[in-house]
Structure formats: structure tokens, C-alpha cells
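Remarks on the structure that follows.
We did not get these values from a lab; they are worked out from the coordinates using the rules stated. Bear in mind that the values here come from a model prediction, so they are computed numbers and not experimental data. No Cβ is skipped: glycine too gets one built from the backbone with ideal geometry, and neighbour counts run over all protein chains shown.
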Amino acid sequence: MLRRCLLLSALGLIALDAAAQNATPDAVAALVTRIEQAVLSGDRASFMTLAAQNQSDGAEVFWRQMSPAPDQLVIKERERRQLPDGSRQLVLEMLTVRSDEGRVSTWVARIRPAPNTEEAARWQLLDLVQRSAITGLYRLSLDTTRQFAVSRLRLVAPDLELAMNAGTAFLATVSDGATALVLLGRGTMTFTPPDDAERTQLRLFSGNIRLQEEFDSALLRVNPAQIAPIVASSTFTPTPVSASDVRRALRLFEETVGRTLALDLNDLSRDRWSLIPPPDDIVAEVRTNRFGTLTYARVQSQLEDVTFFDRTAAKSVSSYASPQKLAARGRFYSEDDAVEYDVESIDLEADIDPGRSWIEGRTSLTLVTRVPVMSLTLKLAEPLAVRSLESDEFGRLILLRIPGQDSVLVKLPATVGPNQRVTLRVAYGGRLLPQALEPSVSADPQPLSEQDGVAFTPEPRHIYSTRSYWYPQSPVLDHATARLRISVPSEYRVVASGRPTGTSEPDAAAVVGPGRQRARTSYHFEADRPVPYLACVVSRFELVSENSVDLGTGASLSLVVQANNRQVSKARAVTQQATSMLRFYTSLLGDAPYPSLALAVSESDIPGGHGPAYAALIDQTLPTSRLVWKNDPVNFPDYPSYMLAHELAHQWWGQAVNGKNYHERWISEGFAQYFAALYAEHERGADTFAGILRRMQRSAIEVSAQGPIALGHRLGHIRSDSRVLRAILYNKSAMVLHMLRRLIGDQAFFDGLRRFYGEFRFRKAGTDDFRQAMERASGRNLESFMEAWIFGSSIPRLKVSRSASPTELSLTFEQLGPVMPVPVTVTIVYTDGSNEDVIVPVTEARVSRVMPLRGTLRDVKIDDDHAALATFQR
Ligand SMILES: [Zn+2]
């Protein structure tokens, strides 16, 4: 069904091209021009002559919509089709501007050549029907004819105060009143985020947990209802206009007003169009002396409605829910709640030219609405131009881009109720650079060593995955089934998120793109189990092996290994390991979520990996690479297969199950990291495992104060130190899972994990869901454990005291800081060389334990296995 639709739309486009070419001079275009002229001149009589006799109903409706005559009208013909009865159907997109307010609408016109006329070229309207419209667009300009003196101004928003004792102000006004305000003069900005995690981020940014800064100018975007009382109050008094103030105000206005609440009207208008913020929303662009421009925004439609942004460094400092928002949405929330729909299935066809980083694609998304909707938001990388957007249900739709946000707004013709299926077909194309891998290690900025005269250049590999928005998609990760057909020049191969289902010569008519003269191969994939996002890697891969892996559960998994030429022998070794890892993870969780895995061994200057569903990529470094990698938190020199083990574990954690918002990313990275450690222990034994824990422990303790695990990808962001992310999100999370296991025991821990995985396979989960699964499995309340370790950033400090008699050892642990549940291993060493491990759960402020001795005591070691995230005073 989907394939037929794609084919039909391809035919439609061809018909359009042919029609456009035949008609020169274009009589249809002439009709459109006459409509435009009649509307602009307000000449109803001449407009009505364009309609066919007795066919003027549609024209009447159109005329009423266009009256009184707008100041500006732009009509673009988007589509032309020949209908069976000889008439033609046009899709027209229009911008009408009255004063500074714009309206974009789509109309479907049916036209035919006028009968009984000598002029064969004359066409007339049979019908004209509006399909959809977007209103509330404004061309904002600063009113430089009115200036105000400001005294004792105080503006407040959640956790923000802007105060100005004396200064000047200018306004930008629309029909409902002023919606933008420029302030000039000395003011003070105070920002006080509410909780420890956000205060810590603010301290990392500014040096203080409370920000109080002087500013010299600011631009505020607010709803007219909020500005009106301020302008009417005694803080604002009209004052003579000063030319130098006007210049300053204009400069600030022009520089900042297009940054937010903007829409790009494509070829309808090159002007800057803005939306008006809803009541109680506010965006403040504040120019401070010390930090340059800081942006505070309160946007109630967002799940984290308060954000604070460093414009100069392009860094997000704060993002959280205000108390009102928190009360409405709850503490544990799903990012899905902010999206109007759920993606059910994706059909993607793309032509990728790696040499020019060019993508030309067609994607169908089948969505199911969650709520009544009038418009849909999609993500698509800004460099990719949308060639066409249609839906099976509504035909061609209006699309507007949100500048700077990789976002596309799709207007539906009418409100669509909940639980309705909508299929969108998007054709798009452009130059999109492939993305770097995460974790990206801090590489030595110097060029590669050329001492021995040989410097290898890594074989290029082109990755398009999550965050690159290489196809139209939901703004959030969204499990969906998919079919992909990706064509590339024939010297390349493709690894993508789906089971390979074959290759073919691409259909030349199916994808229109430049650079098509070379031989191409199309790779086909099918993801019949839901995947959270689609990814693909294009490189000069060679096929290394194809195996069926017996998973030990009665099921098998097809493992295909590919590698760049220099990595082929390495890849052969990796095949065995991958097989063993897949079996091990399946034994822990009961099944493998995806029936096939394409493993690619590639090259890079820095180590890295990626684990999308159905695939894994491992970058090998070349001998000439020079890196500052040795001390990276996720470098485990005693266990070089760690990255492979981590990436394969992502099939279960991060793909089949992932976090329901960015605070829950530890469910992907921390779980994958812990599973990799478990595999290392399984393969190499306790010493290797202890070595891994030692490195994890050291790195996690060192930077733990920079934020809790629940901060997700924001860890390390402000200071651009991705090692902090890896030390906390990866390593600390893995150790937290290990400590949980030691507190509740292996049986309950692995039962709980299996239960959690089984319940949330192909869904999103949160810390609350994980806690419930583990509480059910262990019969214990784990609230204080989760609060301390996932939402807190402290590391417990334990004072240990001991006394021993010939038959007993008595130990006391005292928590010197806030109480955090932590299991500590006590190793009793006897004079005969034997030893005994006892795990002491230090779950309270003071815990004492008396242990019987079975020999002569030589030594007592505390945390010798490095399994406790704690520091000890002895
Ligand atoms: Zn990972």
C-alpha cells in the first residue's frame, strides 16, 4: 500500500513537470496572476469574470476571505494535476498581509479552458476551496516614534527578576498591543533556580548558585496582556525621542528579535515573521556586562518550562519545570506527553552521496494522534530542504520551518481528533554533514604524527543517526517499525537499523538527486520490531562473515560482520566475541530484542562506538593516532573489548528499552556500561572486574559533585568536558546498579532486571518504573537508595572504627555527611593466608557489625573490591 502511494506521488510530480513545460506562455499562471491583481485592487467585478458561469460559489467564499483588499498578496502554485474530465487541479499557497499581520493559506482550485473563446489560452475557475490556514503571524517592527522613561521597573517570572531604577524603553506593537519591549539603562538581573542540581549547574557557569548580574539592555517578548498594565503604570512615562537611543534600541531589536518565536515562510516572504507568545510566557534576551547575552525563557507548552541559556557560548545552563508545571505533569514524566502523536511505522527511501554529504530522501510516516491536533511538529535537519509534503488523508499541506531549530511545523486542514491515523509523505534533500560519535574523546589537537613518513588516514565512514535529523521524525525518540531503502554509489556498503532484506539497482525515477551518473546499489532493510530511531552508516565496508548465532533460548540471531579493508582481520576476531556477548546478555534477560545484528568495524582517530537497533559500529584507532585517551573514564586498558560489549548491550538498553526523557538516559548508558562489566567478569574473571570497578570508582568520585546521574546529557555540558558525562552517566550509573545488586542480592537483582526489561521492551521507562520492578523483586523499599544515587550528587564519607578479640571482629561505620545507602565489602585476612568477604549494608547514619573470626586475624581490608562509591576515613 505504502509503495503504491510513493509511486503515485512520483507520477504526480512527473505530470506536473510536463504540464509546466508545455504551457509557454503559461495560461494557467496567467490566471493566477489575474486572481492576484483582482484581489489587490479590490475589484470584485473583474475577479468574478474569472469564474466559469454558474460556478461562482467557491469564488464568492474566496472573495469574502480576501476582503477588504490586503496590503500584500503572494500566491505560489505548488501543484498542478490533469483531471480525467480535462480540467486541472491547482494547489495554491497564499500569504495575505494586512498591516503587519500575515495569514498563510492553502487553496485547491479546479480550472478549465474557457469555452467559446478565441483565446485558447484563457482559463477560468470552476471551484476554489480553502484547505488550511495559519494565522497570528506578525512582522514585528520597533516603534521608533514613541520613547518612554522608565523608573523603578520590576519584572518577574518564575525564579527571575529584572529590575531597572531608571532607563528608557521602546515597544513593538501589533493590533492587540505591545508584544516586544526594548529596555535601555542600568538594570539588575537575578536568577535563582530552585534545586541543588540546577544550582550546581549555575555555579559551574557563573561561580555562584544564585546569579545576580548588571545589564545595560534587554529585549522582552511577552503577550500584549502582560505589557499593557506596565505601560499604563507610573513606571512608564512618554518622553521625547532621542536619535541615539533609537539607534541603540534598533540595533538590539534587529539582532535579537528573530532568535525566538520565528517562522520561516520560505518563498512566500523573505521577511521576518514572528508568533505572539501566549499569556504568561516570556522570553528575555538580557545583555549583561560579564556574560554577554543571557536568555531566560518561560514557555508553558514545554515539559521543562523554565530555561536559561548562554547565548554567547550557545550553552544551555538551566532547564527545569516550574512549581506549576511540576504540579501539572508530575515528577516522573514522559517526553511523549509534549508530542501530539505517536509514530507507528516509517518507510524511508534515501539516496546518499557520501562524497558530497548529500542526501535526497522520501519518507512516509504513519502517525497516530494522541490528542486533538491542528498542527504537527516534525524534526528535520535545517540544511535539508523540503521538496514536498503530502498526506494520504489531506493532500498537500502547509509547512513552515522554525529557524535555527531543525523543526518543521505542519498545518492540518482541520482539527484531527485523537487516535486518528495520519500518513505524511515528505520528500527532502540537501547537504547534511555526517555526525561524530558519542562518546567523543578529547583528542590531541595536533596533526597526526608523520615521524616515520607514514601517516594513515582513517577510511571515512558517514554516520547519520539520532541527533542528526537526517529524515523527518518525531521530536522525541519514538519506537516504530520501519522499512529502509538506502542507495549509495556501488563502491560503498550500508549498515542500517533493520534486518538486511536484499539489494537492488535503485529505481532511477524514484529518487531525484544530483550525482546520479555513477553506478549505485540500493540496500534494503526491515525493522519489524520497533526501533526508537533510524540510523545508517555508509563506508567502503567488506563483508567479513555471516553467521547464525544460537542464543541458547531456542531462538537464533543473524550476525553479519563488515569492516573497512585494514580492519578485516580484527573483525574476524571480533565476530567470536560478539557471538559470546550476545549469548551472555540473552541468558541474563531471557531474549534478544532484535533478530539480526550488523556489526561494522571502522576506523577513526579516536576510539568510539555506536549501538543503534539491529546494528553496532566500533571504531578502531590507527597506529598513528595521537590521543589523550589513556585517562578517559571509559578507557579500560585491561579489557580492550569493553566498547564492543557496551555497544552490543545497547540492543537491550537504549534501543529495546530507553529512558522516557533525558533525565533517564542512565537506563541506556549506565545499564549498557554495567552489562559490559558483567560480560568482562564472565569472560575474564573477578580480577578484571575489580580492575574495571577501580577505574569506574575513581572517575565517578572525582567528578560526582558536578551533578546527579539524572542530569543526563547535561553533565559536563557547561564546561565542555565530556569526561564528566562518561564518569557520571556511564560509570557512576553502572556502579549504582552494582551497589543495588549487592544490597538486594543476585536473585532479586536479576529477577527484577528481567521483569523490568520484559515489561518495557519496545517502550520507554523511567527511574520510577525501574524502582518499582526492583521493589517487587526484592520486597524492599528502595526510595532512599534511588533518591540518593540517581537524584543526588553526594558521595558518602564513612568513618570506620574497629576492635577485635581473638574470636570476634567488631566494625562501626559512621556516615559523616548526608546518609546514603552503600554496601561495603569487608575483607577479613587470616594469618594462614585465607580470607573472607562480608558485605555490610551501611544504610543508616551508624552501622555496627560483629563478625565471628575463624582464625587468627592478620588484617582487615575495607572496600578492597572497589565496589562502594564512598570515601573512607580509618
Ligand atoms: Zn553507549
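Descriptive notes on the structure:
- Efficiency of FRET from Cβ geometry, residue 687 and residue 528, R₀ 41 Å, rounded to 0.05: 0.45
- Formal net charge of residues neighbouring residue 688 (Cβ-Cβ distance under 9 Å; K, R +1; D, E -1): -3
- Segment 38-107: Cα Rg divided by the 2.2 N^0.38 Å rule of thumb: 1.20
- When DSSP beta bridges are restricted to pairs lying wholly in segment 593-707, around 25% turn out antiparallel.
- Only Cα sites of segment 183-314 enter the Debye sum here, all with the same form factor; the resulting log10 I(q)/I(0) across q = 0.13, 0.19, 0.22 1/Å is -0.67, -1.31, -1.51, listed in q order.
- Projecting the Cα atoms of 555, 531, 830 onto the charge dipole of the chain, computed from C-beta unit charges around the Cα centre, puts 830 farthest toward the positive end.
- Three-way shape call for the chain based on the alpha-carbon gyration tensor, with the a/c threshold at 1.5: oblate
- Segment 589-715 shape via C-alpha gyration tensor axes, a/c threshold 1.5: rounded
- For segment 194-253, the Kirkwood hydrodynamic radius comes to 15.2 Å, computed from all pairs of different C-alpha atoms.
- Counting all C-alpha pairs of segment 525-640, share separated by more than 17 Å (%): 60
- Here's the picture: charge each Lys and Arg Cβ at +1 and each Asp and Glu Cβ at -1 in segment 612-691, and of 682, 646, 668 the one pushed furthest to the positive end of that dipole is 668.
- Estimated inter-spin distance, residue 622 and residue 719, nm [label 7 Å along Cα→Cβ]: 3.4
- Calculated mean residue ellipticity at 222 nm for the chain: -7500 deg cm²/dmol, from DSSP H runs with n ≥ 4 weighted as -39500 (n - 2.57), summed, divided by the residue count and rounded to 500.
- Total lysine pairs under 22 Å (Cα atoms) in the chain, excluding pairs fewer than 8 apart on one chain: 14
- DSSP-loop GluC sites (Glu not before Pro) across segment 74-173, with at most 11 other Cβ within 10 angstrom: 118, 119
- Computing FRET efficiency as 1/(1 + (r/R0)^6) for residue 874 and residue 327, where r is the C-beta to C-beta distance and R0 is 56 Å, gives about 0.75.
- Helix 686-703 and the longest principal axis of the Cα set of the chain meet at an angle near 60°.
- Rounded tilt (10° steps) of 746-760 against the dominant C-alpha axis of the chain: 10
- Distance cut-off 18 Å, percentage of C-alpha pairs in segment 524-575 lying past it: 50
- Percent breakdown of C-alpha pair distances by 5 Å bin, ordered from the shortest bin, for segment 825-874: 5, 17, 28, 26, 15, 8, 1
- Counting only Cβ charges, +1 for Lys and Arg and -1 for Asp and Glu, the dipole size of the chain around its Cα centre is about 640 debye.
- Nearest 10 degrees, 0 to 90: helix 2-22 Cα axis against the chain principal axis: 40
- For the pair residue 81 and residue 694, the difference between a 0.36 nm per residue extended length and the Cα-Cα distance amounts to 213.8 nm.
- Sum of side-chain charges, residue 97 neighbourhood, beta-carbon under 10 Å (Lys, Arg +1; Asp, Glu -1): -1
- Relative contact order of segment 130-188: 30 percent, from C-alpha pairs under 8 Å at least 6 residues apart in sequence.
- The order of the peptides 493-502, 28-37 by mean Cβ neighbours within 10 Å, most packed first, is 493-502, 28-37.
- Label-to-label distance, nm, for residues given as residue 49 and residue 801 (7 Å Cα→Cβ offset): 10.6
- Relative contact order, percent, the chain [alpha-carbon distance under 8 Å, six or more residues apart]: 7
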